[in-house]
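Visitor: One structure follows; several queries about it will come next.
What follows is calculated from the coordinates using simple rules that are stated; it is not laboratory data. Fair warning: this is a prediction, and the values are worked out from it, not measured in the lab. In this analysis, Cβ positions are derived from the backbone assuming ideal geometry, glycine residues included, and neighbour counts consider all displayed protein chains.
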Amino acid sequence: MQPGHWQTIVRYGYFPFMVIGLNGAAFFIVANGHSYAWLAPLLALAFATSHIAERALPFHEEWNHSHGDEQTNIWHTIVYEGTSLTGILMIPFIAWLFSIKPGGLIGIWPREWPLLAQLVLALVIADFMFTFIHWLSHRYATLWKLHAVHHGVSRLYGFNGLVRHPLHQALDMALGTAPMAICGMPVEVATLLGFVISVQLIVQHSNVDAALGPLRNHLSIGKIHHLHHVNWGKEGDVNFGLFLTVWDRMFGTFQPEPPRPITANDMGIDDVPQFPKSYREHLAFPFRYTPGTPYVGPASAQPEHHEPAHRPMPTTR
């Protein structure tokens, strides 16, 4: 098959395969009572598909080159998925701890709904909560220090979608998903929710110039999310959504087009142009970094002063 044909397949098939195909396969596995272990190879297939598609149709060829971040991103992925799995395994304990009973005040989750309807409800709630937490993380310095680990990436590709400081992920889970578990969300729904979110993070950050058609301004992926990651001062404080842009429209933070073309070198944080590379340094970063002050860590030299990206408002410090 000629290269142009591969590019056409990727352009029009990448998004449907990842979002509909893989999530549909995961739903089939869970809905039919098959072992959840089958979700692991599906997630591996998501990473592999992203990697292959990025070579066929990249936004920026430079993002396909190694930035010395692969090993660290693998550790982030292991910790992220391990933490998510731990949260799912905690649901039966939460149900016992809060004595959740269907029909009670704590137990209002609509377990009688079809599984797909419950998943859609969970996704809507999670999308709003994660968007709100994301917005707060750019507004308050303490949260930004944790969230900055995600914004320190110098390129966007599928494997850095799960880059999170564990403390920030714990905050996401505590405020975004734990309330649903307390309300009685079943393990099946939580498992599917975690899988769909992981696939979304891969798609959202993958270096694939996929066609979205009329959905382009309604989904928080592709160029919409690229603008959120730019190192242009506070110009990146837009497009906070995880799945949809509807919440950004409500918050007044939706920006469909960048004020100028985004280049391959426009990712990262202005006051940390040489972001640390190792996972250990990522863990320590929030405790060494002061927003608005050039960062000098164990593996970085003194950078020139830049206008800091995503600098929290002075009134919130």
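Visitor: With a point put 7 Å past each Cα toward its Cβ, work out how far R280 is from W6 in nm, to one decimal.
Guide: 3.9 nm
Visitor: Figure the gain on full extension for R216 and M90 (residue separation times 0.36 nm, minus the Cα-Cα span) and round it to one decimal in nm.
Guide: Taking 0.36 nm per residue and subtracting the Cα distance, the gain is 41.7 nm.
Visitor: While we're looking at this one, here's another question. Taking square-rooted eigenvalues a ≥ b ≥ c of the alpha carbon gyration tensor, is segment 121-212 rounded, prolate or oblate, where a/c under 1.5 means rounded and, failing that, a/b exceeding b/c means prolate?
Guide: Oblate is the answer for segment 121-212, as a/c is 1.5 or above yet b/c matches or exceeds a/b.
Visitor: With labels modelled as points extended 7 Å from the Cα through the Cβ direction, what inter-label distance (nm, one decimal) is found for V120 paired with T263?
Guide: 4.5 nm
Visitor: Further, regarding this structure: Hey, what number do you get for the chain at 222 nm if only DSSP H runs of n ≥ 4 count, each worth -39500 (n - 2.57), divided across all residues, to the nearest 500?
Guide: Result for the chain: -15000 deg cm²/dmol, rounded to the nearest 500.
Visitor: In whole percent, what relative contact order does the chain give with Cα contacts below 8 Å and a gap of six or more residues?
Guide: Over the chain, the number comes to 24 percent.
Visitor: Then there is this: Does segment 188-287 come out rounded, prolate or oblate by the C-alpha gyration tensor, with a ≥ b ≥ c the root eigenvalues, rounded set by a/c under 1.5 and, if not, prolate when a/b is larger than b/c and oblate if not?
Guide: Verdict is oblate for segment 188-287.
Visitor: Moving to a separate point now. Between segment 259-289 and segment 11-47, how far is it from one alpha carbon centroid to the other, in angstrom?
Guide: Result: 31 Å between the Cα centres.
Visitor: Further question on the same structure: Which shape class applies to segment 1-76: rounded if a/c is under 1.5, otherwise prolate when a/b exceeds b/c and oblate if not, where a ≥ b ≥ c are the square roots of the Cα gyration tensor eigenvalues?
Guide: oblate
Visitor: List, largest first, the extents of the alpha carbons of segment 129-169 along their principal axes, each in whole Å.
Guide: Ordered largest first, segment 129-169 gives principal extents of 26, 19, 16 Å.
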